[in-house]
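What follows is a short report on a single structure.
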Amino acid sequence: EQTISEMLDSIVSRYPDQDALVVRHQNIRWTYRQYLSEIDRLASGLLALGIRPGDRVGIWAPNCYEWCLTQFATARIGAIMVCVNPAYRVFELEYALNKSGCRAIVAAERFKSSRYLEMISSLAPELDNCEPGRLRSERLPHLEFVIRLGDGKTSGMINFSKVCESGSEDDYREMRKLQSKQRPRDAINIQFTSGTTGSPKGATLSHYNILNNAHIVASGMHLTERDRLCIPVPLYHCFGMVMGTLACVTKGATAVLPAEAFEPDSVLETVQAEACTALHGVPTMFIAELDHPDFSSYDLSSLRTGIMAGAPCPVEVMKQVIDRMNMSEVLIAYGQTECSPVNHMTSFDDPIQKRVETVGQAGPHLEVKLLDEQGRVVATGEPGDICTRGYAVMQAYWNDPEQTAETVDADGWLHSGDIGIMDEEGYVS
């Protein structure tokens, strides 16, 4: 029953000089004390702009320190961060910003072949002739502030660094006042999920949802303040921001970002240079790391744990991750964005067969049942729709009561649409 702000304050007071965030490609290395200071500079700057509790603030960028600051700064003031997929095209961006009613968006200049600022300007040509922070756009009617990363100047946009410098003493006082008014069940994050049909839906998650999920995932990995977690998965998704950066903060561990996006050599180099004890990834990432031509030249002896999720893990890959990458306590996790995201996880001491043939057992404080097409609970060993109830289930799809009712029933059960089989011990395949 804490807010992200309360948890962050308590961790900073316990581990002020412990490394909190290392971003290799930006030469950032902050202790928890420094991290909180930078978070609060941005939080007070957002208040100075006029961002208030409940306002939606989009973030459209690859993995970078600014992403992490935005994640925690919005939580400090009760704004709702909207994660925008770095791969979105113009029409998807327009849909996400309008569906969530974003007042502000924090955007990188570009990523890979996507020129983000040009794409925003194509939707809001009014930026060319407006003062920064005074956008009135026909196609993006809710958007007022475009906050750009980097040192370049763009018409109608405000630089991220300028926002961080603009908070006054009054804004800091206001921030502290707002923190005392926050409640754990307040919405804090909108994650767009493609689902199986139609337009993306905005899963609305609270402090209570994601903070508890992050804490439970971190506990499953036995993370402590001595651990260093390498996070090559994208932050815009729950895997990166909940099971990664937020999980680290719940234990005072160090979050290490190796690059803007996944590159096997940057991951291997980072694990060695930073003596990372944990590493996240989807199976294809681990395969790419194992297949790297210089794999044997890297020292990965510091590794112990981490999470493989996002797709089924082939048995041979799991064995190699344990043997060749020293990840004896690697875990498999399964869930969905609507579940904050993890509802099943293996244990570090599960036999290897359970770690490759199942996604583990239901997580603490969650109920799971498998239903047939008539809505009846199936027998052990029979296939059924995996349904979850408990703290992790989202509040709703943002502004979409019909889709919400189709996914979360009147009794609070989230219907995943994924078919599972549960064995006698409660492990689900």
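Laid out as a table, the results:
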quantity: Output for the range 10-19, where each listed residue is touching a residue at least 40 places away in the same chain (Cβ under 8 Å) and either exposed (fewer than 15 other Cβ atoms within 10 Å of the Cβ) or in a strand (DSSP E or B) (or both); calculated: Arg14, Asp19
quantity: Residues being touching a Leu at 6+ places or on another chain (Cβ under 8 Å), assigned to a helix (DSSP H, G or I) and surrounded by fewer than 24 Cβ atoms within 10 Å (Cβ to Cβ) - total across the range 181-224; calculated: 1
quantity: Residue match in the range 248-270 (condition: open to solvent by 40 Å² or more (accessible area, probe 1.4 Å) and in contact with a Ser or Thr (Cβ under 8 Å, 6 or more places away or on another chain)); calculated: yes
quantity: Verdict on Arg173 being open to solvent by 10 Å² or more (accessible area, probe 1.4 Å), without any contact (Cβ under 8 Å) to a residue 12 or more places away in the chain and over 15 Å from Ala104 (Cβ atoms); calculated: yes
quantity: Lone unmet requirement of (1) over 30 Å from Asp400 (Cα atoms); (2) surrounded by 17 or more Cβ atoms within 10 Å (Cβ to Cβ) for Thr337; calculated: (1)
quantity: Any chance Lys112 is of a type in the set (Lys, Arg) and surrounded by 21 or more Cβ atoms within 10 Å (Cβ to Cβ); calculated: no
quantity: Check on Ser296, touching a residue at least 40 places away in the same chain (Cβ under 8 Å), more than 30 Å from Arg56 (Cβ to Cβ), assigned to a helix (DSSP H, G or I) and open to solvent by 10 Å² or more (accessible area, probe 1.4 Å); calculated: no
quantity: Hits in the range 384-408 - residues which are free of Cβ contacts under 8 Å to residues at least 60 places away in the same chain and open to solvent by 50 Å² or more (accessible area, probe 1.4 Å); calculated: Arg389, Pro401, Glu402, Ala405, Glu406
quantity: Failed criterion for Arg304 (all others in (1) under 18 Å from Ala218 (Cβ atoms); (2) among the charged types (D, E, K, R); (3) within 21 Å of the chain's Cα centre (by Cα) hold); calculated: (3)
quantity: Scan of the range 177-203 for residues that are under 21 Å from Ala87 (Cα atoms), among the β-branched types (Val, Ile, Thr) and in contact with a Ser or Thr (Cβ under 9 Å, 6 or more places away or on another chain), ordered by number; calculated: Ile190, Thr193
quantity: Qualifying residue in the range 234-253 (condition: among the small types (Gly, Ala, Ser) and over 14 Å from Cys68 (Cα atoms)); calculated: yes
quantity: Subset of the range 299-318 that is in contact (Cβ under 8 Å) with a residue 40 or more places away in the chain and within 18 Å of Glu357 (Cα to Cα) - its residue that is surrounded by the most Cβ atoms within 10 Å (Cβ to Cβ); calculated: Ile307
quantity: Filter result (charged (D, E, K, R) and either assigned to a strand (DSSP E or B) or over 12 Å from Leu69 (Cβ atoms) (or both)) within the range 25-42; calculated: Arg29, Arg33
quantity: Any hit, the range 262-279, residues being touching a Gly at 6+ places or on another chain (Cβ under 6 Å), in contact (Cβ under 8 Å) with a residue 40 or more places away in the chain, at negative phi and not acidic (Asp, Glu); calculated: yes
quantity: Selected residue (criterion: nearest to Pro62 (Cα to Cα)) from residues of the range 121-160 that are in contact (Cβ under 8 Å) with a residue 40 or more places away in the chain and outside any loop (DSSP other than H, G, I, E, B); calculated: Arg148
quantity: Given (1) free of Cβ contacts under 8 Å to residues at least 40 places away in the same chain; (2) under 18 Å from Ile231 (Cα atoms), index of the condition Ser340 fails; calculated: (1)
quantity: Close pairs (8 angstrom Cβ cut-off, 6 or more residues apart or separate chains): free of Cβ contacts under 8 Å to residues at least 40 places away in the same chain in the range 232-247, part of a helix (DSSP H, G or I) and open to solvent by less than 10 Å² (accessible area, probe 1.4 Å) anywhere; calculated: Ala247/Ala214; Ala247/Val217; Ala247/Ala218
quantity: Search result, residues across the range 351-376 that are open to solvent by less than 50 Å² (accessible area, probe 1.4 Å), touching a residue at least 60 places away in the same chain (Cβ under 8 Å) and within 26 Å of Leu246 (Cα to Cα); calculated: Thr358, Val359, Gly360, Ala362, Gly363, Val368
quantity: Of residues in the range 81-100 being open to solvent by less than 10 Å² (accessible area, probe 1.4 Å) and touching a residue at least 40 places away in the same chain (Cβ under 8 Å), the one nearest to the chain's Cα centre (by Cα); calculated: Cys83
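The values are calculated or read from the model by the stated rules, or taken from the named source; none is laboratory data. This one's a predicted model, so the numbers in the text were calculated from it and none came from an experiment. Positions of Cβ are backbone-derived with ideal geometry, glycine not excepted, and every protein chain shown enters the neighbour counts. Keep in mind that these areas ignore ligands, DNA and RNA; they rest on the heavy atoms of the full protein, side chains included. Shrake-Rupley method; radii C 1.70, N 1.55, O 1.52, S 1.80 Å.
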